[in-house]
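The values are calculated or read from the model by the stated rules, or taken from the named source; none is laboratory data. Worth saying up front: this structure is predicted, and the values here are computed from it rather than measured. No Cβ is skipped: glycine too gets one built from the backbone with ideal geometry, and neighbour counts run over all protein chains shown. For the accessible areas, the whole protein counts, side chains as well, though only heavy atoms, and no ligand, DNA or RNA atoms are used. Shrake-Rupley method; radii C 1.70, N 1.55, O 1.52, S 1.80 Å.
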Amino acid sequence: MAADLTPEYLATLRRMTGEQKWRTAFGLYWSARNLKAAAVRDQHPEWTEAQVQQRVKEIFMHAVT
């Protein structure tokens, strides 16, 4: 990924405050959870929303990079 970082992107990151970076990361995290929930719902249409959210929670708890 480091090879994909353009000078413009790096400059944008450097201009961001810590709070802006945190809010961006937080938003990306919840977007990823929402996308995963949509995929789980698609795979298990018979599950309740509570079951879907529990599975998403498990997935994110055990995620590795």
**Item:** region 8-19 residues that are on the phi < 0 side of the Ramachandran plot, paired with ones that are surrounded by 10 or more Cβ atoms within 10 Å (Cβ to Cβ) and of a type in the set (A, V, I, L, M) (beta carbon under 9 Å, 6 or more apart)
**Value:** LEU13/LEU5
**Item:** Of the criteria (1) in a helix (DSSP H, G or I); (2) at pLDDT below 95; (3) open to solvent by 100 Å² or more (accessible area, probe 1.4 Å), which one ARG14 fails
**Value:** (2)
**Fill in**
Within region 17-48, of all residues that are assigned to a loop (DSSP other than H, G, I, E, B) and within 19 Å of MET61 (Cβ to Cβ), the one most open to solvent (accessible area, probe 1.4 Å) is TRP47
**Request:** Return the residue satisfying two criteria in turn: it lies in region 1-11 and is assigned to a helix (DSSP H, G or I) and open to solvent by 90 Å² or more (accessible area, probe 1.4 Å), and of such residues it is nearest to VAL56 (Cα to Cα).
**Result:** ASP4
